[in-house]
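To keep things clear, I will list the structure first and then write my remarks on it.
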Amino acid sequence: MQFLIENLAHGFTIAFAGQNLLFALLGAFIGTAIGVLPGIGPVATISLLLPITFGIPPTTAIIMLAGIFYGAQYGGSTTAILLNLPGEVSSVVTTLEGYKMAQNGRAGAALATAAIASFLGGTVGTLLVAASGPALSAVALSFGPAEYFSLMLLGLIVASVLAQGSPIKAVGMVILGVGLGMVGTDVQTGQQRFTFGIAELSDGISFVAIAMGMFGIAEIVLNLERPEARSLLKTKVGSLWLNREEWKRGTPSAVRGTLLGSVLGILPGGGAALASFGSFMMERKMSKGRHLFGKGAIEGVAGPEAANNAASQTAFIPLLTLGIPSNAVMALMVGALIIQGIQPGPQMMVQQPDLFWGLIASMWIGNVMLLVINLPMIGLWVKLLQVPYKFLFPAILVFCCIGTYSISNNVFDVYMTIAFAVFGYICAKLQLEAAPLLIGFVLGPMMEEHLRRAMLLSRGDWFIFMERPISATMLAIGLVALVMMLLPAVRRGKDKALAE
Amino acid sequence: MLAFVGLTGIGAFVTFAAFFTGPNPVGNWSRRNLVSLFGAIIVSAFVYLVSPSVLPFFGIGYNAVGIAIVAGMLVLTLAPDLRFIALISASVAVFGLLLEQIGFFAALTGTILLSCAAEREHFRKPLGVLGLIVFMLALCWWVFILQLDIRVHLWPTI
């Protein structure tokens, strides 16, 4: 406990440093803005801003990027409540009850519920990151290459199992991502792999080109194909105060959402969207006001909003302790850390204490900032919604172009981005999720490295993965997850849950 | 290499099959879309091969790739269903094509102009596009050139 308090105090001194505080505010502000604006998500925004982070210290950069991620969860609820249009995937369920509340003249109360529940979820999630970080890092330090390989394999399997849509397609995308990660120079032999004599590919395919193409530009095209339909709520936002009854009904839902979100955030492929969907289902079955669902039940706002924010914080646990990204945003964070010369993983807490504890402390500060940004400044966000997409997309596109070019000052990456944009567009048309590909791309080279190290240590004996208990357990869990995914009954259940 | 060829073959087969069985099967594609797609591929290949001999500018670096993408994508805009992806891809390629020799401001202007063509409303109100260009040039110059110190020519070098 003493260790935790001391380190958190150190973290707060880092987070309160002028530059870090300013970038946390900037991240929270940008996050809220992109959460509010439908058609641009945290993955695209973080990809866009990655090149900007090169010029600032790593701690400051990660604090800002994290702020964008959890800020987007806050902002996403605003459009969900006022426009019946989710700013983020995780806010889809907030539209169901939040918009109904707004129609009933309780828009202010719905917005306040979303912000307060988000604050609760975010705060508890951050506490969990702080508490579990050192313990998990200590466990992870005992991991050898075999354990790491098995853990990453498990991560990829679970990411495929929990992905939306067909699990077979998700597995295919993961494998493709791993394959793309193999392009470049083999670190052990120095041989070129799949570079076709192109010098620019000797360092591998640019991570930013993939992220920018598949999440940034492809998303612009898909948004252009959908006609813009934004109609602001005609009634006033009204008072932001909740009445006693609303407090009484909303509080248990927010607590339940926080607990569920905290757990689901850690799971690979889980994250904020799964947490909010799960919480909504739970509230509809368990809450006292379940009969009010469909008429503007506050439980349907408090639970999912707390859950998605808790999940967006606890998603940092596997990244900070094991170096494993649990979703596409965390994969971008890995990319940002690696570009800054930092290897995420259990050593990070020891080697980069400023970054580790500074980030955790900044999450608390960021959550407080978001409460202020979202509630008293609601008028500003409503105004922002009036900016037409026809002016936004050329601006986003220009940022994508400059961002990609500035990575290595080479137009080759710009042309690669086009290739991935077209590929991302085709994937979207064929209902192939891009997130598993990005996770596979990030984890693939790391997996390969650990696999080869493990094989060197065991002198080519594959049983090393079975002989070590932790490795064997993780492989067994992965196998069970894979078998369950392929069972028709389980698949039907998942499809039914998603349809609901 | 054998594994690569094998996997590429399987991948090509799956992609081809997806055009006929997936949620967006080729059966729904109009003749115009298909002709535009194949036309774009042919034009791209032709422009890539011929452009360096027509103008030395296209022989520098990856400029031949850039002009090939622009030409191919402009042909693809003839397909109504593929207009957005074609115009957006072409505008990114214009950025790559113009940036290093023609300069930062020209590249941004070209990208914004071409991308704005994706939204028909801009044709009715071109002043909005002009305002957007001026705003974006100033913003990008301030953010990327002044603040982030990205080393790139602002004006043409040829």
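The values are calculated or read from the model by the stated rules, or taken from the named source; none is laboratory data. Keep in mind that this is a model prediction, so the values were computed, not measured. For neighbour counting, all protein chains shown are included, and Cβ atoms are generated from backbone atoms with ideal geometry for every residue, glycine included. Accessible surface is based on the protein model in full, side chains and every heavy atom, while ligands, DNA and RNA are left aside. Shrake-Rupley method; radii C 1.70, N 1.55, O 1.52, S 1.80 Å.
Residues satisfying the criterion are present in segment B:106-116 (criterion: open to solvent by 20 Å² or more (accessible area, probe 1.4 Å) and more than 20 Å from A:Lys390 (Cβ to Cβ)). The condition of being touching a helix residue (DSSP H, G or I) at 6+ places or on another chain (Cβ under 6 Å), in contact (Cβ under 8 Å) with a residue 60 or more places away in the chain and open to solvent by 50 Å² or more (accessible area, probe 1.4 Å) holds for only one of A:Ile464, A:Ile470, that being A:Ile470. Taken over segment B:102-120, the criterion of being at pLDDT below 90 and within 9 Å of chain A (Cβ to nearest Cβ) is satisfied by B:Ala118, B:Glu119. On the basis of being touching a Lys or Arg at 6+ places or on another chain (Cβ under 9 Å) and buried (at least 24 other Cβ atoms within 10 Å of the Cβ), does A:Ile298 make the cut? Answer is yes for this residue. May I ask you to verify whether A:Tyr405 is in a helix (DSSP H, G or I), at the interface with another protein chain (Cβ under 7 Å from one of its Cβ atoms) and touching a residue at least 24 places away in the same chain (Cβ under 8 Å)? Taking the combined requirement at face value, the residue does not satisfy it. Scanning segment B:68-82 for residues that are within 11 Å of chain A (Cβ to nearest Cβ) and at pLDDT 90 or above returns B:Ala68, B:Ile69, B:Val70, B:Gly72, B:Met73, B:Leu76.
Which of the following residues is at pLDDT below 80, in a helix (DSSP H, G or I) and not polar (S, T, N, Q): A:Gly76, A:Gly98? It would help to see each step written out before you state the result.
Details: A:Gly98 fails: at pLDDT below 80.
Residue meeting the stated conditions: A:Gly76.
When we screen A:Met348, A:Met363 for residues that are open to solvent by less than 20 Å² (accessible area, probe 1.4 Å), touching a Phe, Trp or Tyr at 6+ places or on another chain (Cβ under 6 Å) and more than 9 Å from chain B (Cβ to nearest Cβ), the only hit is A:Met348. Considering B:Phe123, B:Phe135, the condition of being under 23 Å from A:Pro388 (Cα atoms), at the interface with another protein chain (Cβ under 9 Å from one of its Cβ atoms) and free of Cβ contacts under 8 Å to residues at least 12 places away in the same chain is satisfied by B:Phe135 alone.
All of (1) more than 21 Å from the chain's Cα centre (by Cα); (2) part of a helix (DSSP H, G or I); (3) farther than 23 Å from A:Leu370 by Cβ hold for A:Phe143 with one exception: (2). Could you list, in sequence order, all residues of segment B:138-158 that are open to solvent by 40 Å² or more (accessible area, probe 1.4 Å), of a type in the set (A, V, I, L, M) and more than 9 Å from chain A (Cβ to nearest Cβ)? The answer is B:Ala138, B:Leu146, B:Leu154, B:Ile158.
For segment A:388-402, a residue qualifies if it is without any contact (Cβ under 8 Å) to a residue 40 or more places away in the chain and either among the β-branched types (Val, Ile, Thr) or more than 7 Å from chain B (Cβ to nearest Cβ) (or both), and exactly one does: A:Val398.
Quick grid of which residues meet (1) buried (at least 19 other Cβ atoms within 10 Å of the Cβ); (2) in contact with a strand residue (DSSP E or B) (Cβ under 9 Å, 6 or more places away or on another chain); (3) of a type in the set (A, V, I, L, M, F, W, C):
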{"position": "A:Leu4", "(1), (2), (3)": "no, no, yes"}
{"position": "A:Asn7", "(1), (2), (3)": "yes, no, no"}
{"position": "A:His10", "(1), (2), (3)": "no, no, no"}
{"position": "A:Gln19", "(1), (2), (3)": "no, no, no"}
{"position": "A:Leu22", "(1), (2), (3)": "no, no, yes"}
{"position": "A:Gly27", "(1), (2), (3)": "yes, no, no"}
{"position": "A:Val43", "(1), (2), (3)": "yes, no, yes"}
{"position": "A:Ser47", "(1), (2), (3)": "yes, no, no"}
{"position": "A:Pro51", "(1), (2), (3)": "yes, no, no"}
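Per-residue answers, yes or no, for (1) within 14 Å of the chain's Cα centre (by Cα); (2) more than 24 Å from A:Phe119 (Cβ to Cβ); (3) touching a residue at least 40 places away in the same chain (Cβ under 8 Å):
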{"residue": "A:Ala315", "(1), (2), (3)": "yes, no, yes"}
{"residue": "A:Ile324", "(1), (2), (3)": "yes, yes, yes"}
{"residue": "A:Gln343", "(1), (2), (3)": "no, yes, no"}
{"residue": "A:Pro346", "(1), (2), (3)": "no, yes, yes"}
{"residue": "A:Leu359", "(1), (2), (3)": "no, no, yes"}
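Apart from one condition, A:Asn223 fits all of (1) farther than 25 Å from A:Thr45 by Cα; (2) crowded, with 16+ Cβ neighbours inside 10 Å; (3) of a type in the set (S, T, N, Q); the exception is (1). Taking segment A:431-500 and the helices (runs of 4 or more DSSP H) fully enclosed by it, the elements with 2 or more residues that are at pLDDT 80 or above are at A:435-457, A:464-467, A:469-486.
I'd like to know if segment B:80-94 contains one or more residues that are open to solvent by 40 Å² or more (accessible area, probe 1.4 Å), over 11 Å from the mean Cα position of the chain (by Cα) and within 20 Å of A:Ala218 (Cα to Cα). Yes, segment B:80-94 has at least one match.
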